[in-house]
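Each remark here refers to the structure printed beneath this line.
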Amino acid sequence: MNTTTTKSSWLRSQAVAITATTTDFLVTIGLKEFAGLWYVASNATGALCGAVVSFLLLRNWAFQRNTTKWHGQVFRYVIASATSLLLNTGGVWLLKELFDIQYIVSKTIVAVLMGLTVNYWMFRHFVFK
């Protein structure tokens, strides 16, 4: 893959990350603040919704791997997303419970750290290789 294609897929993947994260946050906040669900359950549900949006956009737009059979991609995506979900939810819990940081601030910190360190690499080099 040449550097122009790599740069383009990286930029598109960042746009997908913003879209998926926005979905995640809206669902999380909606469930916690308006439906009164526990912040951990709200966070997990928001992350799941963001993951679905992310898979569809990464596959069909960012990495353009929609001609590859989707079964293997879904299997690898579930593994990557489950890892991300556990790290995100654990990070939010840790910051909230140990440092008493408001859940949404905790979620923001963890989401940025995950996006910068784990998610792009897992999706680009493991899921949509």
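Each reported figure results from applying straightforward, stated rules to the coordinates on display, with no laboratory input. Values in this document were obtained by computation on a predicted structure and should not be read as measured data. Note: ideal-geometry Cβ built from the backbone for every residue, glycine included; neighbour counts use all protein chains shown.
Summary table below
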| quantity | calculated |
| --- | --- |
| Extreme residue, farthest from MET122 (Cα to Cα), among residues of the stretch 18-27 that are in contact with a Leu (Cβ under 9 Å, 6 or more places away or on another chain) and not acidic (Asp, Glu) | VAL27 |
| Pick from the stretch 84-117, criterion closer than 18 Å to ALA51 by Cβ and either of a type in the set (Ser, Thr, Tyr) or over 12 Å from the mean Cα position of the chain (by Cα) (or both), ranking: surrounded by the fewest Cβ atoms within 10 Å (Cβ to Cβ) | THR117 |
| Long-range neighbours under 7 Å by Cβ, at least six apart or interchain, first residue over 18 Å from TYR39 (Cα atoms) within the stretch 79-95, second surrounded by fewer than 18 Cβ atoms within 10 Å (Cβ to Cβ) | ALA80/PHE126 |
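A quick yes/no check of all residues on (1) more than 11 Å from the chain's Cα centre (by Cα); (2) more than 17 Å from PHE128 (Cβ to Cβ); (3) buried (at least 21 other Cβ atoms within 10 Å of the Cβ):
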| residue | (1), (2), (3) |
| --- | --- |
| ALA17 | no, no, yes |
| ALA20 | no, no, yes |
| PHE25 | no, yes, no |
| LEU31 | yes, yes, no |
| TRP38 | yes, yes, no |
| ALA47 | no, yes, yes |
| LEU56 | yes, no, no |
| GLN64 | yes, no, no |
| ALA82 | no, no, no |
